[in-house]
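Below: one structure, written as structure tokens.
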Amino acid sequence: MKKTSKTKIEEFIRVDHAGERGAIKIYEGQLLALNTIVKNNDLKDTIEHMKDHEVEHCEFFENEIKKRNIKPTRFLKLWDLLGLGLGFGTTILGKQAAMLCTASVEEVIQDHYANQINQLEEDEKELKEKIVKFREDEMNHKDIAYNEGASKKGLYKILDNIIKTGSRVAIKISEKY
């Protein structure tokens, strides 16, 4: 039976934990804006629903970190702050920007998870099954975001590139540190 290296598994779990926690923080920032400045109960309900999935994902990776004695990324607090700011900022720009934030992040994550799925061997069947399920949830969130008005037209293309670049940088850093 082929085995996935311990180092690779630690990187996967560390970065996935950081990413799912970051997603929660983005949604918390969006909800903060929706509860204070922007009033849109339909959008609030949509975001709360997606946040529930992220909490489930994060709890799984938190348990894996504890069970396998893996150190979380040293950048969790920074990612928390940036996630809150990104969620809040995109939401005060409007529904289209808030939904683009979700779509952009999820597009990076669906590729990230697909890459992990392709690298996991038979010895990590449970982890692989969870990541497959979580990837499906993330793709569903992306679809919801586009159905709710996400767009990459005009200046939104620049916002999409900024969010995707930031997400990819956070992934690379969180894998190693």
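What follows draws every value from the coordinates through simple rules; no lab data is involved. None of these values were measured; they are calculated from a predicted model. Here the Cβ positions follow ideal geometry from the backbone for every residue, glycine too, while neighbour counts run over all protein chains shown.
Of all the criteria given as (1) of a type in the set (Val, Ile, Thr); (2) farther than 23 Å from residue 30 by Cβ; (3) touching a residue at least 24 places away in the same chain (Cβ under 8 Å); (4) assigned to a helix (DSSP H, G or I), the one not satisfied by residue 108 is (2).
Within the range 12-42, being surrounded by fewer than 17 Cβ atoms within 10 Å (Cβ to Cβ) and either hydrophobic (A, V, I, L, M, F, W, C) or under 19 Å from residue 76 (Cα atoms) (or both) holds for 32, 37.
Rundown of residues vs (1) of a type outside the set (Phe, Trp, Tyr); (2) under 27 Å from residue 6 (Cα atoms); (3) not in a helix (DSSP H, G or I), yes/no style:
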position	(1), (2), (3)
72	yes, yes, yes
77	yes, yes, no
89	yes, no, no
101	yes, no, no
116	yes, yes, no
123	yes, yes, no
142	yes, no, no
149	yes, no, yes
162	yes, no, no
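Look through the range 55-78, keep the residues that are surrounded by fewer than 19 Cβ atoms within 10 Å (Cβ to Cβ) and more than 16 Å from residue 10 (Cβ to Cβ), and return whichever of them is nearest to the chain's Cα centre (by Cα). Checking each candidate, the answer is 55. A single entry from 164, 95, 133, 172 fulfils the requirement of being farther than 24 Å from residue 76 by Cβ and either touching a residue at least 24 places away in the same chain (Cβ under 8 Å) or surrounded by fewer than 19 Cβ atoms within 10 Å (Cβ to Cβ) (or both): 95.
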